[in-house]
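Chemist: Just dropping this structure here.
Coordinate-derived values only; no laboratory data. Keep in mind the model is a prediction, meaning the values are calculated, not measured. Reconstructed Cβ throughout: ideal geometry from the backbone, glycine too, with neighbour counts over all protein chains shown.
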Amino acid sequence: MIKIRKYKESDARALWAIFYHTIRNVNIRDYSQAQVEAWAPDNFDPEVWQRKMNSIAPFVAEIDGDIVGYTDLQENGLIDHFFCHHEHQGKGIGRSLMEHVLNVGKQQGIYKFYSEVSITARPFYERLGFKVVQEQTVEVRGQKLRNFVMEIFS
């Protein structure tokens with residue numbers, strides 16, 4: 001059973017591992033080695049990551065006490081991070097996280113949700129009803145990555 005809970009500071013290391021390994025093992029299907037290395041570098045400062053996680057205060061998905069995914073929701077409807085463990089994809093974790101975020105958002109009066117979505121994640125977002133607003137190229141540590149601004153209205 002998938003349990004979704006609020007983030008605690010001690011989760012940051014596990015969330016980095018999910019971020020890193022998902023990008024390196026899943027997103028590599030749609031991005032070059034240089035792009036995934038820029039996106040999820042080997043030498044990223046853990047203190048910078050800790051501050052980022054503390055600032056976005058994500059929701060954490062667990063199965064049997066193991067962290068298997070996370071996402072966040074900002075006050076303006078931005079879903080900044082959305083990652084499922086690379087060994088647990090296709091098990092309903094992403095859907096559970098997204099349903100949780102949309103429900104929390106509705107309770108907070110958010111009616112428009114949006115995210116900058118990777119090529120890899122676009123089909124998942126589309127299955128949940130998100131629409132592409134704009135294709136864009138972003139630069140990350142000297143690499144240009146293509147992604148999509150996607151949105152959904154509740």
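Chemist: Sort region 48-114 into rounded, prolate or oblate with this rule: let a ≥ b ≥ c be the square roots of the eigenvalues of the Cα gyration tensor; rounded if a/c is under 1.5, and if a/c is not under 1.5, prolate when a/b is larger than b/c, oblate otherwise. Please report the intermediate quantities before stating the final value.
Modeler: Values: a/c = 2.16, a/b = 1.30, b/c = 1.66.
Oblate.
Chemist: First select every other residue whose beta carbon is under 11 angstrom from the beta carbon of residue 145; then total the charges, Lys and Arg +1, Asp and Glu -1. Spell out each step's value before the answer.
Modeler: On the way: positive: 141, 144, 146; negative: 30, 116, 139.
With Lys, Arg at +1 and Asp, Glu at -1, the net is 0.
Chemist: Between exposed chymotrypsin sites (Phe, Trp or Tyr not before Pro) in the chain, where DSSP calls loop and at most 16 other Cβ atoms lie within 10 Å, what's the longest gap? Mind showing how you got there, number by number?
Modeler: Values: sites that count: 44, 111.
Between exposed loop sites, the widest span is 45-110.
Chemist: Between residue 104 and residue 141, take the C-beta separation as r, use R0 = 35 Å, and let me know the FRET efficiency to the nearest 0.05. The partial results should precede the final answer.
Modeler: Numbers: r = 32 Å, r/R0 = 0.90.
The pair residue 104/residue 141 has a calculated efficiency of 0.65.
Chemist: Then there's this: Working out 0.36 nm times the residue gap between residue 43 and residue 30, then minus their Cα-Cα distance, what length gain in nm do you get to one decimal? All intermediate terms of the calculation are to be shown ahead of the outcome.
Modeler: Values: separation 13, 0.36 × 13 = 4.68 nm, distance 2.25 nm.
Additional length available on full extension: 2.4 nm.
Chemist: Are there any GluC sites (Glu not before Pro) in region 20-75 that are in a DSSP loop and have at most 10 other Cβ atoms within 10 Å? List them by number. Intermediate values should be presented prior to the final figure.
Modeler: Numbers: sites: 37, 47, 62, 75; in loops: 75.
Answer in residue order: 75.
Chemist: Just the number, please: percent antiparallel of the DSSP beta bridges in the chain, rounded to the nearest 5. Working shown, then result.
Modeler: Details: 29 of 30 bridges.
Percent antiparallel among DSSP bridges in the chain is about 95.
Chemist: Label region 70-146 by shape, choosing from rounded, prolate and oblate, from the square roots a ≥ b ≥ c of the eigenvalues of the Cα gyration tensor; if a/c is under 1.5 it is rounded, and otherwise prolate applies when a/b is larger than b/c, oblate when it is not.
Modeler: On the way: a/c = 1.77, a/b = 1.24, b/c = 1.43.
Because a/c hits 1.5 or more and a/b fails to exceed b/c, region 70-146 counts as oblate.
Chemist: Another one. Can you grab the distance from the C-alpha centre of region 44-63 to the C-alpha centre of region 75-118, Å, no decimals?
Modeler: Answer, in whole Å: 15.
Chemist: For every other residue with a beta carbon closer than 13 angstrom to the beta carbon of residue 47, add +1 if it is Lys or Arg and -1 if Asp or Glu, then tell me the sum. Present the calculation step by step, with values, prior to reporting the outcome.
Modeler: Numbers: positive: 13, 51, 52; negative: 9, 45.
Spelling it out: positives minus negatives among the neighbours equals +1.
Chemist: Simple spin-label model, 7 Å along Cα-to-Cβ: residue 64 to residue 21 in nm?
Modeler: 1.5 nm
Chemist: Let me have the 222 nm mean residue ellipticity of the chain computed from DSSP H runs of 4+ only, each contributing -39500 (n - 2.57), with the sum over all residues rounded to the nearest 500. Mind showing how you got there, number by number?
Modeler: Working: 5 runs with 53 residues, N = 154.
Rounded to the nearest 500, the figure is -10500 deg cm²/dmol.
Chemist: Separate question: To the nearest 20 Debye, how big is the dipole of the chain about its Cα centre, given +1 on the beta carbon of each Lys and Arg and -1 on that of each Asp and Glu?
Modeler: Values: 19 positive and 20 negative charges, 70 e Å.
Computed charge dipole of the chain: roughly 340 debye.
Chemist: Hey, another quick one. To make sure I understand the rule: partners must be aspartates and glutamates, Cα under 16 Å from the Cα of residue 91, and not fewer than 8 residues away in the same chain. Which ones qualify?
Modeler: 62, 64, 66, 99
Chemist: Considering only 140, 57, 92, whose Cα is most displaced toward the positive end of the charge dipole of the chain, charges sitting on Cβ of Lys, Arg (+1) and Asp, Glu (-1)?
Modeler: 92
Chemist: Classify the chain: rounded, prolate or oblate, from the alpha-carbon gyration tensor (a ≥ b ≥ c, eigenvalue square roots; a/c under 1.5 rounded; otherwise prolate if a/b is larger than b/c)? Intermediate results must be reported in sequence, preceding the final value.
Modeler: Numbers: a/c = 1.43, a/b = 1.10, b/c = 1.31.
Rounded, since a/c falls under 1.5.
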